[in-house]
1. Filter region 166-206 down to residues that are over 24 Å from the mean Cα position of the chain (by Cα) and either closer than 14 Å to Leu125 by Cα or in a helix (DSSP H, G or I) (or both), then give me how many there are.
2. Please work out which residue is surrounded by the most Cβ atoms within 10 Å (Cβ to Cβ), limiting yourself to region 425-459 and to residues that are at pLDDT below 90 and among the polar types (S, T, N, Q).
3. Filter region 6-59 down to the residues that are among the β-branched types (Val, Ile, Thr), part of a helix (DSSP H, G or I) and at pLDDT 90 or above, then identify the one that is farthest from the chain's Cα centre (by Cα).
4. Of all residues being charged (D, E, K, R) and over 28 Å from the mean Cα position of the chain (by Cα) in region 107-154, which is modelled with the lowest pLDDT? Just the residue, please.
5. Here's a check for you: in region 31-60, which residue that is farther than 21 Å from Ile13 by Cβ and not acidic (Asp, Glu) is surrounded by the most Cβ atoms within 10 Å (Cβ to Cβ)?
6. Determine, yes or no, whether Thr426 is in a loop (DSSP other than H, G, I, E, B), closer than 29 Å to Thr186 by Cβ and of a type outside the set (D, E, K, R).
7. What number of residues within region 338-357 are within 23 Å of the chain's Cα centre (by Cα), assigned to a loop (DSSP other than H, G, I, E, B) and either surrounded by fewer than 22 Cβ atoms within 10 Å (Cβ to Cβ) or at pLDDT 90 or above (or both)?
8. Checking the condition among the charged types (D, E, K, R) and closer than 19 Å to Leu363 by Cβ, which residue from Arg95, Arg77 passes?
Amino acid sequence: MEPSTQVLFAILIILLSWPLLRAVVQRRNADIFAPSILFSVCLMYGYVYPLPRFLEGTDTFSMFLGGEFNHFANSLRFSVLLVILGVVGLYLGYRMGKNQGPVNGSQDTYVQVKFGQGLWDPRKLRSVGWIYSLIGLAMFSVGTALLGGPSMLIHGLGDRLRLFEGLYLFILPVNLLLVVTLVWWTYLLSTGRKVGVLFFSYAVFSFLLNGLQGNKSTLLVFIVSFAVLYHYLRRRLSLKYVAIGAAASVLLLTFYALFAREYLVAGAFETIDVQDVPTSVILGAVDRALEAEAFQLQMLTFLVDRMPEGLDFQYGKTLLPLLTTPIPRKLWPGKPVTVPGTIAMAYWPDDWLDSGTTHPPGLLGECYINLSGPGCFLGMLGFGYLYGRFRRNVLRTPTHPLALARYSILLALIPHYFRGEFVSATVMYATFAIPIWCFQLLLVSPGTAPGAGLVAQTLSQEG
């Protein structure tokens, strides 16, 4: 790696490390779920962690997708410069959104929000919960029947994009059970009620049933949202407990993916040797899973090296699927594909045609695809601004605990945005946030003002 590229990487690491180091130094004063910290973790994982293997050519991207670069050194250096530009725009936008309007001080704050019980109508909570649950189960049952039954569903999870093609209208409603779980969890936490066996039984059932989608992202969103709500409504979580929870979640989701996509499909594990020492099996599986998901640096470098050869700059076209997603492809066979499909058709058409495999560029890569270098700064500036506004509006002037539930979904989607692309993460947000918003409209007790019984306590400054 050239000296100039090393200097740029050092600058990038310093920028991304600052929010993390500040959280470590401040300990009790830091909000570990502040978007700035989550931004840092995700960007460090996607653009710094894969560098050594990328340089060696032993990473998954180089070995399976090919890495024939025209000007590798120059492309890598320019990619790192784009990431730095994007990070600066992201943090600048976040600070602008968070501090816009009258605020108490200029720094970020850790806020614990408490609500009065008058905001809930338990009778409506049960009724709407039953309705959501029945709709989710009924639609998923119809979708499973259309696939050919549970056996076809289980054995097809290895190629879920083709398996569910044209049937997402029936499959996605199963997320309603997770919505009910999160609303119920929010109710218990915000009213100080005891968490009982009935709730945990429903939560486990919803989690396991949702696992039949074969989608780790949805389960990760649920897990993170669950933790965020506890953090803000019941008891703040320290860095130590968040780290332990993150490690446990990685293990759980890694072996879920292996079980769903290998064992259920082929009847055996194909990428691990179960006869090996258990510790080696676990560490090896986790290492492969983590490395396989960290390819944002490689993809951005590849796009910088190849575009506009093979793929013209899109100038916003990648956002069109946000409007066309609800339309079944059978009704509109030529409707725009998302940006991962666009990339696959341009550079790896066989992957797309043979197995429907797509290659997401990450949010920063999508910004580059649309507007080149300026897009990286402007796109991340806008993204940071939106997250700053959401944080300010929800934590400083909250009106209902379910507004915090929607915010928790948005926080949980940060890894999905930075790893994947804008449209799919936004659609996932809608599948959770819209039903939660409907819940909120229905659950306010008659004659109760939305903000009744609310106390927001600023516990500490983040420095």
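1. The total comes to 7.
2. Per the criteria, the residue is Gln440.
3. Result: Val7.
4. Restricting to residues being charged (D, E, K, R) and over 28 Å from the mean Cα position of the chain (by Cα), the top hit is Asp121.
5. Only one residue tops the list, namely Phe33.
6. The answer is no for Thr426.
7. Counting residues in region 338-357 that are within 23 Å of the chain's Cα centre (by Cα), assigned to a loop (DSSP other than H, G, I, E, B) and either surrounded by fewer than 22 Cβ atoms within 10 Å (Cβ to Cβ) or at pLDDT 90 or above (or both) gives 2.
8. Values: Arg77 fails: closer than 19 Å to Leu363 by Cβ.
Sole residue among the options that is among the charged types (D, E, K, R) and closer than 19 Å to Leu363 by Cβ: Arg95.
The values are calculated or read from the model by the stated rules, or taken from the named source; none is laboratory data. Small disclaimer: the values here were computed from a predicted structure and weren't measured. Positions of Cβ are backbone-derived with ideal geometry, glycine not excepted, and every protein chain shown enters the neighbour counts.
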